[in-house]
Amino acid sequence: MNLLGDSRVHFILFLLECLSIWAAKSAGFASCTSSSFTRSIGYILRGFVLGEIDVPDVMECKKRCIISANCLSVNILTNANGGFVCQLNSGRKENGASEQFVQHGAGEYYGLKEKKLCHNDGKNCDNVSPWFAFNQSYFQYVRIGFSHFDARAHCKKQNGFLVSISSEEEQTFLYETFIQPDPEATVLIRIGMNNIEEVGVYVWDDGSPVTHVRYSPGEPSDVNGERCMGLWKEGGGFSDLTCEGFPSYSFCETDYHSV
């Protein structure tokens, strides 16, 4: 066994990983010095998938997990065309989920051991991310009182939009993950749905079609020209509210490639 040669190979791979993630600093984070993973070849963890994304390599999949506050491990699956599918997991085999840890001929498992997110060329680092992965997006709960337009501008600075909700599953995720546990949540939490351009015709801020709504009882009420939308603190249903004034918390959303 050539221990010196093996050490050089591992060191080179480490440098390549650092350079790859450093190159993505423009998206918001540069992290390589302290984020580390365990590795198991030929295995994956089932039952904990938050979302998945096509990636060019393993390093990009690790980065997606590091950025996500609720990701604890990843599965890497090799496609027939030689590409990779990255699955972000909310659990870890190392935390006792051994029964769901199964063999997979085209899979690899990486358990996150330590996370460090760095900004400003590595001068400012911590292990807390504002982004949570779910389905095909990252979500951020903004605990600042904003109007609709200020919330929109804030999300744009994060390379995102005010959230668009496309399913009951997504609406429940936002409510149970962020609103329900927060005793200081505002009465309504702003989302991207509005009828600013045409009264009665609702659209999402990101341009996606409105395919799902679950209103709170008696909503939308359209009282005093309420043209914007939020989620009620009690129950998480949709409710209209004024676009200006009424400072409220909000949700930002962005895709996996934009952070």
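Below, the figures for the structure above:
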quantity: Strands (runs of 3 or more DSSP E) contained entirely in segment 139-252, each with at least 3 residues that are aromatic (F, W, Y) and crowded, with 17+ Cβ neighbours inside 10 Å; calculated: none
quantity: Within segment 67-118, tally of residues that are outside any strand (DSSP E or B) and within 19 Å of the chain's Cα centre (by Cα); calculated: 10
quantity: Some residue of segment 222-235 being more than 19 Å from the chain's Cα centre (by Cα), assigned by TED's automatic domain parsing to the domain that holds K156, within 21 Å of Y141 (Cβ to Cβ) and without any contact (Cβ under 8 Å) to a residue 24 or more places away in the chain; calculated: yes
quantity: Residue pairs meeting the criteria (Cβ under 7 Å; at least 6 apart or on separate chains; first of a type outside the set (V, I, T), in segment 87-102; second loosely packed, with under 14 Cβ neighbours inside 10 Å); calculated: E94/T38; Q100/G47
quantity: In segment 37-59, the residues that are out of contact with any Gly (no Cβ under 9 Å at 6 or more places or on another chain) and under 12 Å from S73 (Cβ atoms); calculated: R46, V49, L50
quantity: Leading residue by the ranking (farthest from G236 (Cα to Cα)) among those in segment 124-138 that are touching a Leu at 6+ places or on another chain (Cβ under 9 Å) and part of a loop (DSSP other than H, G, I, E, B); calculated: N127
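The values are calculated or read from the model by the stated rules, or taken from the named source; none is laboratory data. Just so it is clear, the structure is predicted and the values come from calculations on it, not from any experiment. Backbone-built Cβ (ideal geometry, glycine too); neighbour counts: all protein chains shown.
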